[in-house]
Ligand code: 4AD
Ligand code: MG
């Protein structure tokens, strides 16, 4: 008898195994009980035939409730009709615990009900698939950077600065002083890059945005690479290579999950570098030609980004050189067009921004001037300015939103399903 998992079942064809898991669903046709089993690694059908198991086991199968914990013994059979390719002929079954009436049935429920039961909803096939893909994205992102010699650096969650937009801050009381939950790890990544060359942070970031869109969370995970001696162009190259690596590896390792989600793999297979690049100027022109309302100097909204993202044959597009006034203070002005900065947003087809990044200002005087222009508290950025005093070099970096990447790969339509426990405007429980 071999203890195994559903994920590894292909290695045990025709052998007797035991699987420890739960009853996902059940149906019967008199003399046969079909048990849908799950064990965290996958889903498989177990078949109990009346005359082939003891009457105790057969009766137990009949009495099992949805989500009861069970230990199932059986023989692994190849079955091409099964999504996993295998079925289990049940020989024995042990009850670990009988579940009370489970609130989530496999029929339709309203979204608020499901979010209220998120702690249980995670067990469903679709949610399981989405979060498996999310985990794979994080794994391949780190693998890509680790393979290129990046050092993973953790940045603080409690900070004194608000680099992105002071309107979207979560304030915390830090022993009587005002502090904020980090909006980004970037400034710390810049300091670390000067020590380690190429670094990345990967952690939770917080925005108190009161927006209720399908692409905003108040707590989300961001991967932020930062590289010394890397210019804007080099950063775009790094970004497209990273995205290609993530997408192409997820296709290979999450075949079953993407199938469960009904994802069109062809749309993912074409996500290969290089990605097209257009300037903000050109983007505004394209939007105007399409009759959309936008003036030079304004930031894009979701409809603008979605329109632009769909004009490049299914490839993501970099929009570069936004007006300085739309973007954060630390971005390097373009010497040829000082009203714009050397930045880019990467727009994913049909979705919009998944990455924001830029070359950073490396000249002390220009940085101090920008801090002043934006009326930022100089004392908070003293240490950040120090980086420009002691061996400053050109450097660039960017931030990739993990949940947004998850939406783009899985095709789910709302970001609340792309994170285990979403923090949105009206939700902090479970
Ligand atoms: O464009 P953002 O605000 O850039 C930064 O924070 C930079 N400091 C990053 C850097 O250069 N190191 O955010 C970067 C990415 C966005 O492109 C998006 O994918 C994600 O973070 N993001 C969000 N994801 C979910 N909910 C939100 N409210 C998000 N805000 C940003
Ligand atoms: Mg942005």
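Miscellaneous remarks
- Among the residues of the range 283-312, the ones that are part of a loop (DSSP other than H, G, I, E, B) and more than 30 Å from residue 393 (Cβ to Cβ) come to 14 in all.
- Residue that is farthest from residue 278 (Cα to Cα), among those in the range 313-368 that are part of a helix (DSSP H, G or I) and within 16 Å of ligand 1 (Cβ to nearest atom): 367
- Test: residue 288 is touching a residue at least 12 places away in the same chain (Cβ under 8 Å), surrounded by fewer than 19 Cβ atoms within 10 Å (Cβ to Cβ) and more than 30 Å from residue 370 (Cα to Cα): no
- Residue in the range 301-316 that is under 26 Å from residue 367 (Cβ atoms), crowded, with 16+ Cβ neighbours inside 10 Å and either modelled with pLDDT under 95 or in the same structural domain as residue 410 (by TED's automatic domain parsing) (or both) present: no
- Residues being surrounded by fewer than 17 Cβ atoms within 10 Å (Cβ to Cβ), farther than 20 Å from residue 278 by Cα and away from ligand 1 (no atom under 13 Å from the Cβ) - total across the range 206-247: 1
- Count - residues of the range 208-229 that are farther than 24 Å from residue 144 by Cβ, out of contact with any strand residue (DSSP E or B) (no Cβ under 6 Å at 6 or more places or on another chain) and either within 15 Å of ligand 2 (Cβ to nearest atom) or outside any loop (DSSP other than H, G, I, E, B) (or both): 4
- Qualifying positions in the range 405-418 - away from ligand 1 (no atom under 11 Å from the Cβ) and either in contact with a helix residue (DSSP H, G or I) (Cβ under 7 Å, 6 or more places away or on another chain) or not in a loop (DSSP other than H, G, I, E, B) (or both): 409, 410, 412, 417
- Count of the range 141-169 residues which are modelled with pLDDT under 95, touching a strand residue (DSSP E or B) at 6+ places or on another chain (Cβ under 6 Å) and loosely packed, with under 15 Cβ neighbours inside 10 Å: 0
- Filter result for residue 269 (touching a helix residue (DSSP H, G or I) at 6+ places or on another chain (Cβ under 7 Å) and in contact (Cβ under 8 Å) with a residue 60 or more places away in the chain): no
- Scanning the range 369-404 for residues that are in contact with a strand residue (DSSP E or B) (Cβ under 8 Å, 6 or more places away or on another chain) and more than 16 Å from ligand 1 (Cβ to nearest atom) yields one hit, 393.
- When each of 184, 205 is tested for being assigned by TED's automatic domain parsing to the domain that holds residue 238 and part of a strand (DSSP E or B), the lone residue that passes is 205.
- When the criteria are applied in full, residue 421 fails the requirement of being within 16 Å of ligand 2 (Cβ to nearest atom) and either closer than 27 Å to residue 330 by Cβ or not in a strand (DSSP E or B) (or both).
The values are calculated or read from the model by the stated rules, or taken from the named source; none is laboratory data. All values derive from a computational prediction rather than experimental measurement. All Cβ positions, even for glycine, are placed from backbone atoms using ideal geometry, and neighbour counts span all protein chains on display.
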